[in-house]
1. Can you find a residue in the stretch 531-543 that is outside the structural domain of A130 (by TED's automatic domain parsing), assigned to a loop (DSSP other than H, G, I, E, B) and free of Cβ contacts under 8 Å to residues at least 40 places away in the same chain?
2. Only residues that are in contact with a Gly (Cβ under 6 Å, 6 or more places away or on another chain) and more than 30 Å from P152 (Cα to Cα): list them for the stretch 573-621, please.
3. Mind counting the residues in the stretch 672-697 that are touching a Lys or Arg at 6+ places or on another chain (Cβ under 9 Å) and not polar (S, T, N, Q)?
4. Take L323 and decide whether it is aliphatic (A, V, I, L, M), modelled with pLDDT of 95 or more and touching a Ser or Thr at 6+ places or on another chain (Cβ under 7 Å).
5. Looking at this structure, is K204 under 30 Å from N573 (Cα atoms), of a type outside the set (A, V, I, L, M, F, W, C) and touching a residue at least 12 places away in the same chain (Cβ under 8 Å)?
6. State whether the residues of the stretch 475-482 include one that is crowded, with 16+ Cβ neighbours inside 10 Å, in contact with a Ser or Thr (Cβ under 6 Å, 6 or more places away or on another chain) and in a loop (DSSP other than H, G, I, E, B).
7. For the stretch 201-221, indicate whether the set of residues that are in contact with a Gly (Cβ under 8 Å, 6 or more places away or on another chain), on the phi > 0 side of the Ramachandran plot and among the small types (G, A, S) is non-empty.
8. Give the residues of the stretch 403-426 that are hydroxyl-bearing (S, T, Y), part of a strand (DSSP E or B) and more than 26 Å from the chain's Cα centre (by Cα), sorted by residue number.
Amino acid sequence: MTLNKELNKLIIKLIITITLSIISHSAFAQIFGSEQNPLSVKWRQINASGFRIIFPDELEKEAQRMANTLGYIYPRVGGSLRRQKTTLPLVLQNRGVMANGFVQLAPKKSEFYTTPPQQFDSQDWLNNLAVHELRHVAQFDKLTGGQAYPFPEYVYFAWFGVSIPLWFFEGDAVTIETALTNAGRGRQPSWIMPYRTSLLEGKKFSYSKVSFGSEKDITPGYYQLGYLMASNIRKEFGKNIFDSLLTDIRKRPIRPYPFSNSLKKFTGNGTKKWFNKTTETLKKEWTAQSEKSETENYPSLNKDSKFATNYFLPVKIKSGEILTLKQSKAETAHFTIIDSAKKEKKLLSIGYQEQPWFSYANDAVVWDEIRYDPRYRQRSYSVICSYNLKTGQQKKLTTRSRIFSPTLSADGKKIVAVKFDLSNKCNLIELDAETGKILNTIPNPENLILQTPSYNPTANLITYISVSEKGKALWVTDREEKNEQLLKETQQQISRPIYIGRGIAFNAHYNGIDNIYSIDTISKKISALSASKYGAFNPTQADSTTSIIFNNYTLSGYGISEMTLQPKTPGENNFAYFGGATQRQENTTNVFDNIPDSTYTSKPYRTWANLFNVHSIIPIIENEYRGGLQLNSDNLLNTFGFFAGVDYYRDLKKFEYNAGFTLKSFYPILRATYRNRPRRTLYNTKSGVLQGDWRENNIQLQASVPISLNALNESYNFSFNVLTSYTQRYQPENLPKNFISKLIFPMEYNFTFNHSTAQAARDIAPKWAQIFRISYMHQPFDENLAGSLFAFEGFMYFPGVLKNHSFLANFNYQNTSGIRLYNQEINTVYGYSNIRAKSILRNTLLFNYRFPIVFPDAEIGPLAYIRNLRAGMFCHYENIGSETNLAEPKTFGFELRSSMNLLRYQPIVDVGARCVFVNKVYNQNPILELILNYSF
């Protein structure tokens, strides 16, 4: 009994520590993006049914549609949580090209990224966001009671984070998006395919591994886990189970594992037992589905891998070899050529994509990738790039564009693609494959969402997919007169149509498993081309008209296979649908049927009039001697943040008062902080050491210009900062006569350059990167405080001996004088604080070699999930030339570290130990350092 009590105390202490860390002013911005739009965006707003919709003026039509939609559907979206009304600011973002959406607290708002993706669901994109994100709003309101005062949003958000597992947060929302619409991810076999594959292949992943992921295997993910567990719980315990669950958590907030304990209270089982029960149900249902489905085995044309590896979009090139886009846990996305012996040749690494995509024809390759605005990262672009297999020449065909899914004509001279403008107007366009010039824009009068077009062999016809609230449809157009709908709107997840033989091949799931189908363009007859057990995708014509090469999904990921064309009748749909019980409980038709069509008053949104948006008062604990309260304000466009607070110094028995702001509207980011604070110092006199106290007014000012550029798999970051301050000291007590009462604008300048390549999941550190920092500090306006500091830091990362190993050479130099003589601005040797200094610090040379040992994915009950075990060796020098030389490092040694999830919480905790051996001239015993960090 005593042991259990102590364990509970430890758990509570850890939760409190994590919570206070999460809600600290500096750390919280790491959870949600806080990027800005350029000043050129003109904002408007609509107020309707409790929703304040803020949008760029180009999105007036979409904003009106959402104003009609949100208030109409929210009572049904929140119905099973007994939430009928809410108040919510919603920001529609149109400058970016990444499809996304989220709801947050602190400040409470939602953001919809309005550019639709090229492959997602069989319904309107903004409608899909609306039903999913509004369920999150209902969850927040249920847990917090919908209360906004007295400004507790940071605390609520931290409480939400430690009370609710992510799988429930997202899984419950997916069950609702599926139950209340004709679409939803719960109806997509490809979305749940990794989970089905792992179970049917005998992989029994732990609860933690499914929740938190793996750097070794493909895991289902917490969205999929959450949907299946939430559906299973609702099936057994009814529509209102989650309402009871969240109500109980709200009433009893301070407990270890509150969600699992409340779940056990109402259902008899905690989260781990529900995971086990759900796993048994899934395996039974999916085994039955597999037994009823006729499938074929397809030999793999790629080599086997020890860890998850995808070979996307395979195509045979002129040499007969296979060109593919490879990506794995150990390597970032790059083009690879595979020969008949399965040997691979790496060609070119590429940048981040909205979805894996490229097209090949006549020795040319084109693809789209994301590029960001250098300063305002809410603005991003999808640009078209090309690569010539013969010459090795790579170039960017478009600049600042919003173009997706480029596909080459057979002769490699033209590209057909999808383009979105800032008003979400969508068109097919044709470009010159050599120059990127737009040759033609094909009308889309109904403004359907268009996806993944491709040419027929002679390039006189184009096939493409459209998406609307009615579903997905397949079309053929000759650009002028003919625009024929081959497949009417359907809830099938049809994607990537391509001309093969007499018909058009495409992906769909007619038999309940994603496979490749073909439609005869004359008779409209649909035939099945593949019968994969788990999923077949992305067909292309092989070197003859009788076979195709395609992606066959396996336990390791998207593999490459080839099959002869033998059309057959599509099999019966045996899809195992787990959302049926929730759908029956909700007892509603498509929530988007009969949406009103009112016109709401739209007015300008004055950004300068809406700078302040107070949302939270939070506790601040600096250390055991200092703590207080802080009021926080952040505006809805992420351009202005303000805080004001009061801290109590327990040792001084006095208060500090502070306030500050950050203005991010302009190219430079401006920060200012004011503090009125008590201070204390100890100083030497002839009579001994004395103590002196005073108060001071301190104003700190900072201007910074961050610039980021990216191209292919490389990124470049530049940052220039200028900092200064003014300090006026008063109420001196027991201080010497020469006590300085004013510190007049000391200046600090920093410049940082960072170049790096993308990292894979298994990379311990960058394999190729360069970082340079220069700092200078001085007091140009204060003759009484002479002195300066110049510092240089250089980091050079290189690939190690084996894959995912990294070697770092770090040289640091500083020159100090005057009042800054003993300042430390550069990296020091390991163990520095425990070694008595022989001279003033001038330079250091640090060599570090880091490598992974094993990725165990080990679950230790509810205490920890061990993600990896890694090691490092180091050899460090200090004051080379005077104190050490290259033959005698000051310190050397080794370290062992591990990344893990503790107590089934999402933050990744890094724990470890380091053994530091010290140069013999210091007569120092080995030093043992413990390491503890965490990240989100």
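The values are calculated or read from the model by the stated rules, or taken from the named source; none is laboratory data. The model shown is predicted, which means the values in this text are computed figures rather than measured ones. Because the Cβ atoms are built from the backbone with ideal geometry, glycine has one as well, and the counts that use them run over all protein chains shown.
1. For the stretch 531-543, residues outside the structural domain of A130 (by TED's automatic domain parsing), assigned to a loop (DSSP other than H, G, I, E, B) and free of Cβ contacts under 8 Å to residues at least 40 places away in the same chain: absent.
2. Start the filter on the stretch 573-621 by keeping residues that are in contact with a Gly (Cβ under 6 Å, 6 or more places away or on another chain), which leaves 573-575, 579, 620-621.
Within the stretch 573-621, N573, N574, F575, G579 qualify.
3. So the first thing to find is which residues in the stretch 672-697 are touching a Lys or Arg at 6+ places or on another chain (Cβ under 9 Å), and the list is 676-679, 691-697.
Checking which are not polar (S, T, N, Q) leaves us with 677-679, 692-696.
Of the residues in that region, 8 qualify.
4. On the way: aliphatic (A, V, I, L, M): yes; modelled with pLDDT of 95 or more: yes; touching a Ser or Thr at 6+ places or on another chain (Cβ under 7 Å): no.
Judged against the criteria, L323 is not a match.
5. Yes, satisfied.
6. no
7. Checked the stretch 201-221: at least one residue is in contact with a Gly (Cβ under 8 Å, 6 or more places away or on another chain), on the phi > 0 side of the Ramachandran plot and among the small types (G, A, S).
8. The answer is T407, and nothing else.
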